[in-house]
Amino acid sequence: QVQLVESGGGLVQPGGSLRLSCAASGFTFSNYAMSWFRQAPGKQRELVATITSAGGATNYADSVKGRYTISRDNAKKKVNLQMNSLKPEDTAVYYCTRLRFGAPDYWGQGTQVAVSS
(Lines give C-alpha, C1' and ligand atoms only; values in the text may rest on other atoms or scores of the structure.)
Protein backbone atom coordinates (compact mmCIF):
# COMPACT_ATOMS: atom_id res chain seq x y z
CA GLN A 1 0.00 0.00 0.00
CA VAL A 2 1.07 3.55 -0.67
CA GLN A 3 2.62 5.28 2.32
CA LEU A 4 4.01 8.78 2.65
CA VAL A 5 5.66 9.66 5.96
CA GLU A 6 6.78 13.21 6.65
CA SER A 7 9.40 14.25 9.15
CA GLY A 8 11.45 17.29 10.08
CA GLY A 9 8.84 19.71 11.35
CA GLY A 10 9.23 21.70 14.53
CA LEU A 11 9.45 25.12 16.12
CA VAL A 12 11.84 27.65 14.61
CA GLN A 13 12.42 31.37 15.04
CA PRO A 14 11.64 33.81 12.24
CA GLY A 15 14.48 33.85 9.75
CA GLY A 16 15.42 30.30 10.56
CA SER A 17 15.46 27.15 8.45
CA LEU A 18 13.93 23.71 8.47
CA ARG A 19 14.23 20.74 6.17
CA LEU A 20 11.23 18.49 5.73
CA SER A 21 11.53 15.01 4.34
CA CYS A 22 8.96 12.56 3.03
CA ALA A 23 9.70 8.86 2.80
CA ALA A 24 7.62 7.04 0.19
CA SER A 25 6.83 3.35 -0.09
CA GLY A 26 4.38 1.01 -1.77
CA PHE A 27 4.72 2.37 -5.31
CA THR A 28 7.31 3.06 -8.00
CA PHE A 29 8.45 6.41 -6.66
CA SER A 30 10.40 7.47 -9.75
CA ASN A 31 7.23 7.31 -11.88
CA TYR A 32 5.38 10.07 -10.03
CA ALA A 33 5.57 13.80 -9.59
CA MET A 34 5.36 14.85 -5.96
CA SER A 35 4.19 17.94 -4.13
CA TRP A 36 4.16 19.60 -0.75
CA PHE A 37 1.00 21.29 0.48
CA ARG A 38 0.40 23.19 3.68
CA GLN A 39 -2.60 24.17 5.74
CA ALA A 40 -2.57 26.92 8.32
CA PRO A 41 -5.23 27.14 11.04
CA GLY A 42 -8.45 28.55 9.62
CA LYS A 43 -7.09 28.67 6.08
CA GLN A 44 -7.48 26.61 2.97
CA ARG A 45 -4.90 24.06 1.99
CA GLU A 46 -2.23 25.61 -0.23
CA LEU A 47 0.05 24.05 -2.82
CA VAL A 48 3.61 24.95 -1.86
CA ALA A 49 5.91 23.19 -4.33
CA THR A 50 5.92 20.50 -7.00
CA ILE A 51 8.68 18.42 -8.55
CA THR A 52 8.47 16.23 -11.62
CA SER A 53 9.15 12.50 -11.52
CA ALA A 54 12.79 12.77 -12.57
CA GLY A 55 13.31 15.99 -10.66
CA GLY A 56 14.00 18.01 -13.76
CA ALA A 57 11.41 20.69 -13.13
CA THR A 58 9.99 22.38 -10.07
CA ASN A 59 7.26 24.91 -9.34
CA TYR A 60 6.61 27.03 -6.28
CA ALA A 61 3.85 29.13 -4.81
CA ASP A 62 4.66 32.83 -5.07
CA SER A 63 4.60 33.04 -1.28
CA VAL A 64 7.62 30.73 -0.93
CA LYS A 65 9.52 31.34 -4.17
CA GLY A 66 13.17 32.09 -3.49
CA ARG A 67 12.97 30.75 0.06
CA TYR A 68 11.94 27.11 -0.38
CA THR A 69 13.57 24.38 -2.44
CA ILE A 70 11.96 21.06 -3.30
CA SER A 71 14.19 18.14 -4.23
CA ARG A 72 14.00 14.39 -4.52
CA ASP A 73 16.19 11.33 -4.31
CA ASN A 74 14.63 8.58 -6.38
CA ALA A 75 17.13 5.98 -5.18
CA LYS A 76 16.12 6.65 -1.57
CA LYS A 77 12.45 7.27 -2.43
CA LYS A 78 12.41 10.60 -0.65
CA VAL A 79 11.21 14.09 -1.44
CA ASN A 80 12.52 17.00 0.57
CA LEU A 81 11.55 20.58 1.22
CA GLN A 82 14.27 22.97 2.34
CA MET A 83 12.70 26.02 3.93
CA ASN A 84 14.83 29.10 4.55
CA SER A 85 14.08 32.60 5.81
CA LEU A 86 10.99 31.31 7.54
CA LYS A 87 8.23 33.73 8.48
CA PRO A 88 5.42 33.43 11.03
CA GLU A 89 2.97 33.12 8.14
CA ASP A 90 4.73 29.90 7.11
CA THR A 91 3.29 28.26 10.22
CA ALA A 92 1.17 25.32 9.06
CA VAL A 93 0.87 21.58 8.84
CA TYR A 94 2.90 20.48 5.83
CA TYR A 95 1.80 17.50 3.76
CA CYS A 96 3.64 15.40 1.22
CA THR A 97 1.50 14.20 -1.68
CA ARG A 98 1.83 11.95 -4.67
CA LEU A 99 0.51 13.42 -7.89
CA ARG A 100 -1.41 11.45 -10.49
CA PHE A 101 -2.45 13.29 -13.65
CA GLY A 102 -1.53 16.50 -11.90
CA ALA A 103 -3.70 16.01 -8.83
CA PRO A 104 -2.79 14.64 -5.40
CA ASP A 105 -4.06 11.10 -4.87
CA TYR A 106 -2.22 10.11 -1.69
CA TRP A 107 -1.33 12.25 1.33
CA GLY A 108 0.98 11.83 4.24
CA GLN A 109 -0.15 12.45 7.80
CA GLY A 110 1.47 15.87 7.90
CA THR A 111 4.19 17.49 9.97
CA GLN A 112 3.73 20.67 12.00
CA VAL A 113 5.92 23.69 11.31
CA ALA A 114 5.69 26.60 13.73
CA VAL A 115 7.57 29.84 13.18
CA SER A 116 7.59 32.01 16.25
CA SER A 117 9.91 34.00 18.46
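The values are calculated or read from the model by the stated rules, or taken from the named source; none is laboratory data. The structure displayed is predicted, hence computed values, not measured ones. Quick reminder, even Gly has a Cβ in these numbers, built from the backbone with ideal geometry, and neighbours come from all protein chains shown. The accessibility values were calculated without ligands, DNA or RNA, using every heavy atom of the protein model including side chains. Shrake-Rupley method; radii C 1.70, N 1.55, O 1.52, S 1.80 Å.
Quick one: Cα centre-to-centre distance for the range 73-90 and the range 8-69, in angstrom? Going from one Cα centre to the other spans 5 Å.
Quick check: net charge around G108, other residues with Cβ under 14 Å of its Cβ, Lys/Arg +1 and Asp/Glu -1? Walk me through the numbers on the way to the answer.
On the way: positive: R38, R45, K77, K78, R98; negative: E6, D105.
Every neighbour counted, the sum reads +3.
Sequence gap at least 6, Cα distance under 8 Å: using those rules, report the relative contact order of the chain to the nearest whole percent.
On the way: 291 pairs, mean separation 41.5, N = 117.
Relative CO of the chain lands at 36 percent.
The amide H of S85, built 1.01 Å from its N in the peptide plane, has no neighbour under 5 Å, considering only residues 5 or more places off or on other chains.
Rounded to the nearest whole Å², what accessible area per residue is found for the chain with the 1.4 Å probe? Don't skip to the end; give the middle numbers.
Working: 6090 Å² over 117 residues.
Per residue, the chain has 52 Å² of solvent-accessible surface.
Quick one: how many lysine pairs in the chain have C-alpha atoms under 27 angstrom apart, if they're 8 or more apart or on different chains? Intermediate values should be presented prior to the final figure.
On the way: K43/K65; K43/K87; K65/K76; K65/K77; K65/K78; K65/K87; K78/K87.
Lysine pairs meeting both conditions in the chain amount to 7.
Express the carbon and sulfur contribution to the solvent-accessible surface of the chain as a percent, rounded to the nearest whole number, probe 1.4 angstrom. Walk me through the numbers before you get to the answer.
On the way: 2890 of 6090 Å².
Roughly 48 percent, rounded to a whole number.
Only the Cβ atoms of Lys and Arg (+1) and of Asp and Glu (-1) were treated as charged; on that basis the dipole of the chain about its Cα centre amounts to roughly 160 debye.
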